[in-house]
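Taken together, the values in this text are just the output of simple stated rules run on the coordinates, not laboratory data. As the structure is a prediction and not an experimental result, all values here were calculated from the model. Ideal geometry is used to build each Cβ from the backbone, glycine not excepted, and the neighbour counts take in all protein chains shown.
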Amino acid sequence: MTAFRPLRPSFCSIYDAHFWWHERLWKVPEMVYVQAFNGTPFKALMWRLMGARVGRKLFDDGCYFTERTLVAIGD
C-alpha cells in the first residue's frame, strides 16, 4: 500500500481529515499476521515494513506498537 506514497509521522487533531486517513491505513489492519512472527528474526523485518525504525538484532516476543511510524528502537 505504501508503494505509491510512503507515510511520514505526523501529529494532528482527531478532527482533521488527515488523521482518519492515517488511522485507516495503519491501525485498522489486524495484528494476527504480525504475531505469527513473535520470537523470530523476521519480526524486525515486519516492523520495518510497517514503518517502525528498529535496530539490528532485535528480539521481539510479542510487543505491540500503536503508532508504528513514530517508533524508534536502537541496536
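Quick one: if you stick a label point 7 Å off each Cα along the C-beta vector at TYR15 and ARG53, how many nm between them?
Here the modelled spin labels are 3.2 nm apart.
With r defined as the distance between the Cβ atoms of THR40 and LEU70 and R0 fixed at 22 Å, what FRET efficiency is calculated, to the nearest 0.05?
Taking R0 as 22 Å, the efficiency between THR40 and LEU70 is 0.35.
Which loop-located trypsin sites (Lys or Arg not before Pro) does region 29-75 contain, where loop means any DSSP state but H, G, I, E or B and the Cβ has at most 10 other Cβ atoms within 10 Å?
Answer by residue number: ARG56, LYS57.
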